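**Q** The structure follows.
The values are calculated or read from the model by the stated rules, or taken from the named source; none is laboratory data. From a predicted model like this one, the values you see are computed outputs, not experimental measurements. Neighbour counts run over all protein chains shown; Cβ positions are idealised from the backbone, glycine included.
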Amino acid sequence: MSYVSDDRNYTDPTQSGIGSTTERAGDLTGEPPVNEATNRDVAAKMANLLEGLQFPATKDEIKSHINRKSPSMGNRINDVFEAVQNNLEDGIKYDSVYAVEMATGLVEKKE
């Protein structure tokens, strides 16, 4: 039996991604953005896949978590898994989804 998340942010496209109704935190506070997604679709998918992961987490823990959450997404996670596999370093603990996305190059700080 495969694991299928009951997390509404993961399974309900109206709760996350391009079609979501949630605003960016800066839109609510009036602050300008301090970072920018280099690939918004993959960054959103990664954020959804990493939801529920206990941080700090190592590369292996992150890959394991993605594999547990991926059955309901099929092979549509290959881009996320490749970003993790090719860009995260072994032995380092990442303390948030943001840190993982920065390390994978999916988010960069605006200058």
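**Q** I want to confirm something. Restricting to the range 61-99 and keeping residues that are hydroxyl-bearing (Ser, Thr, Tyr), modelled with pLDDT under 90 and closer than 20 Å to residue 40 by Cα, which single residue is surrounded by the fewest Cβ atoms within 10 Å (Cβ to Cβ)?
**A** 98
**Q** Quick check on this structure: which one of 29, 38, 22, 58 is under 17 Å from residue 102 (Cβ atoms), at pLDDT below 85 and of a type in the set (Val, Ile, Thr)?
**A** Details: 29 fails: under 17 Å from residue 102 (Cβ atoms); 22 fails: under 17 Å from residue 102 (Cβ atoms); 58 fails: at pLDDT below 85.
Answer to the check: 38.
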